[in-house]
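Notes follow once the structure below has been shown.
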Amino acid sequence: MRGYLAAETARLLHFDNASDWAQALLEETRRDLKGITIGRASLDAETAQKSAAIVARTIMEARLLSLEGHALGQIQNWHNEDERIVQEIRSHFTGSLTVQDGIVSGMYAAHVVAAAVQAAVSGEMDTSAAFTGMKTLLKSMHDANPSWGPLYVRYRGDLTPHRIYSRSAS
């Protein structure tokens, strides 16, 4: 089900190769498919894919009060510019790459993760090297983020002490 949901969600994204990625995810899901059971019910692949398409559309397109009338797909999506950023990261991706290298402007963690996954899946890098490079770059981004700098103060959110009072027997 997760593979079908990923494929159907990819199909709804706003970049030129979205349907190609959806098809690749769908093919991989079909190769790995051994059966689908939800609770006690078994589903055939066609029903599972149709159900996943409905769920993906609902998640991406339903306008929610909690999002001030917006749909998640309006707030978070993937565009051609995101693909360009990922390709640029991939062209520089090594285990020692840091954000100080200034490789890409507008780069976010999602771009780094996508670049590592694509580098590993395409065979450009082995999975271990891609994962190590991804972690190195994400750590560098974290360290360079002023929100997490020396002014950041970590504290527990429940500083108010809670006391349990019991009546003493008199």
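Quick notes
- Based on C-alpha pairs under 8 angstrom that are at least 6 apart in sequence, the range 2-75 has a relative contact order of 29 percent.
- In straight-distance terms, cross-link reach from K50 covers every one of the aspartates and glutamates whose alpha-carbon lies under 14 Å from its own, apart from those fewer than eight places away in the same chain; here that gives E8.
- Along the range 6-22 the Karplus relation, 6.51 cos²θ - 1.76 cosθ + 1.60 evaluated at θ = phi - 60°, assigns HN-Hα couplings of 4, 4, 5, 5, 4, 4, 8, 6, 9, 10, 4, 9, 4, 5, 5, 5, 4 Hz to successive residues, with x for each Gly and Pro.
- Calculated from backbone phi, Karplus (6.51, -1.76, 1.60) coupling profile of the range 116-132 in Hz, x at Gly/Pro: 5, 4, 5, 4, 6, 5, 6, x, 4, 9, 6, 4, 4, 5, 5, 5, 5
- Stokes-Einstein D for the range 6-77, Kirkwood Rh over Cα pairs, 4 °C, 1.567 mPa s (µm²/s): 96
- Taking Cβ atoms as reference points and 13 Å as the exclusive limit, the residues near R30 contribute a net charge of -3, counting Lys and Arg as +1 and Asp and Glu as -1.
- Amide H contacts for I36 (H built 1.01 Å from N in the peptide plane; partners 5 or more residues away or on another chain; cut-off under 5 Å): L43.
- Taking amide H positions as modeled 1.01 Å from N, with prolines and chain starts lacking one, the residues under 5 Å from W78 and 5 or more places away or on another chain are H14.
The numbers here are math on the coordinates, done by the rules we state, and not lab data. Remember, predicted model here, so these are calculated numbers, not experimental data. Methodologically, a virtual Cβ is constructed for each residue, glycine included, from the backbone with ideal geometry; neighbour enumeration extends over all protein chains shown.
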